[in-house]
């Protein structure tokens, strides 16, 4: 099954961390990477089979559209784990509770600003990108942008994400070594739960939309921004919606953990 088709589900979770806690949180993700490598599979049929896994770290920008305006001194840490279906998400949580309860507790104790615990992939490349995970390494840079949208206001966001998918398929590459070579791209949709660890408590009246894009290097994220600005109507809608709904805008983040 393709890693980025629209039957897949993902953990797209974002955390905001102070500079004082940076080293402690770096260490959490180092342990998480070891856990993933020793407990998860990247092929075969047995779950948990992870199709894409990485953790990114990015400084929190004063202006998400203009890095030259500096940072707040805080950091975003963003998780992107993609599985073939909801069964993969459940298997991941079961393994974490059995074999890594202390690490799970550490992750859940972090300042979670983007709670994408059950994201349905709603947009991706036409190219199935069967082996995307093989090309992800710690030289990669990307974006992970999460918007918490009241359910009564999702229409414009879903239209933008549909237009963005068309833009990505028309302008970006899924092979080769050009600057717009994209290693993974998804947009996911997740109900924001009252308690992510207890589904019986139900959902809030908002939905989390998360866009994840990963490139070979920082040249790729910069080329993407340039390409987006070349489509002023689309870029203007992006800025409008993210300004209104963002809970995390991890821009030009660097991969610090992967398979």
- How many residues, within the stretch 158-173, are surrounded by 15 or more Cβ atoms within 10 Å (Cβ to Cβ), in contact with a strand residue (DSSP E or B) (Cβ under 6 Å, 6 or more places away or on another chain) and farther than 24 Å from residue 247 by Cα? 1
- Message: Pull out all pairs, ordered by first then second residue, where Cβ-Cβ is under 9 Å, the residues are six or more apart or on different chains, the first lies in the stretch 111-139 and is on the phi > 0 side of the Ramachandran plot and modelled with pLDDT under 95, and the second is buried (at least 21 other Cβ atoms within 10 Å of the Cβ) and part of a loop (DSSP other than H, G, I, E, B).
- Response: 129/3; 129/4
- Restricting attention to the stretch 136-157, the residues that are in a helix (DSSP H, G or I) and within 16 Å of residue 243 (Cα to Cα) number exactly 4
- Filter the stretch 207-222 for residues that are over 14 Å from residue 145 (Cα atoms) and buried (at least 18 other Cβ atoms within 10 Å of the Cβ) and give the result. 215, 216, 220
- Residues that are in contact with a helix residue (DSSP H, G or I) (Cβ under 8 Å, 6 or more places away or on another chain) and at pLDDT below 95, drawn from the stretch 197-237: 197
- Item | Condition met for residue 91 (in a strand (DSSP E or B), surrounded by 16 or more Cβ atoms within 10 Å (Cβ to Cβ) and touching a residue at least 12 places away in the same chain (Cβ under 8 Å)) | no
- Message: Checking the structure you have, find out if any residue of the stretch 52-68 is touching a helix residue (DSSP H, G or I) at 6+ places or on another chain (Cβ under 8 Å) and farther than 22 Å from residue 211 by Cβ.
- Response: no
- Task: Pairs only if they're at least six apart or on different chains, beta carbon under 9 angstrom, first in the stretch 23-51 and on the phi < 0 side of the Ramachandran plot and free of Cβ contacts under 8 Å to residues at least 12 places away in the same chain, second in a loop (DSSP other than H, G, I, E, B) and crowded, with 19+ Cβ neighbours inside 10 Å; list them, first residue then second.
- Result: 41/47; 41/48
- Which members of the stretch 12-33 meet the condition of being crowded, with 21+ Cβ neighbours inside 10 Å and over 10 Å from residue 107 (Cβ atoms)? 12, 14
- Note on the structure: Counted residues in the stretch 52-79 being on the phi > 0 side of the Ramachandran plot and either in contact (Cβ under 8 Å) with a residue 12 or more places away in the chain or touching a strand residue (DSSP E or B) at 6+ places or on another chain (Cβ under 6 Å) (or both) come to 1
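The values are calculated or read from the model by the stated rules, or taken from the named source; none is laboratory data. Quantities reported herein were computed from a predicted structural model and do not represent experimental measurements. Cβ: placed from backbone, ideal geometry, glycine included. Neighbour counts: every protein chain shown.
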